[in-house]
Amino acid sequence: MGIPLAAVALLATIGSLRDSHIVTVTRSTCADRDVMWELWANVPERVEWDKGLEYINVDGPFEAGTSGTVEVEGRGPIEYRIIEVDPKNGYTDRFESLLWTHTDWHHRIELNTDGCYDVTWELEARGPLSIISLPVLESIFGEEIPIAVDEFVALAESRS
């Protein structure tokens, strides 16, 4: 028996009105902030520390409004758009997914109480199908993101 249409409509409405948290990963590091920023801003080189990527490119400068394409291992190419850039502090890129639904990847570098930095990656979904797609996204990225963040921090520390 399928899900009643009213239940689907309710989930779609809720998904359209709020962000659905998927995963947040934070690591502390004393790596140089400039080095971390350069690792993020040098988009094609991300395959060096994000082993789940086949390739990633950006069709212009690393700034809000620029788009690009990424291919994740085992999946086809996906287009994305950079929607926010705060140099040396963070950026957000957006991936359109199912029917008016998107995922936002927030990346931040924040000074912590130890005088070093907290590097945070947070993934959220918003749109009519975000609540429905949440378990799938959590299962895919819940394991991949911590590994990528650890690789990112290790490389930033080795270059600092």
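The values are calculated or read from the model by the stated rules, or taken from the named source; none is laboratory data. Being a predicted model, the structure only gives us computed values, none of them experimental. FYI the Cβ positions are ideal-geometry reconstructions off the backbone, even for glycines, and counts take in every protein chain you see. For accessibility, only protein heavy atoms count, side chains too; no ligands or nucleic acids. Shrake-Rupley method; radii C 1.70, N 1.55, O 1.52, S 1.80 Å.
Quick notes
- Neighbourhood net charge (9 Å Cβ-Cβ; Lys/Arg +1, Asp/Glu -1) for ARG159: -3
- Hz values of 3J(HN,Hα) by residue in the stretch 145-156 - Karplus curve (6.51, -1.76, 1.60), Gly and Pro given as x: 5, x, 5, 5, 5, 4, 5, 4, 5, 4, 5, 4
- Sulfur and carbon atoms: percent of accessible area, the stretch 44-110 [1.4 Å]: 50
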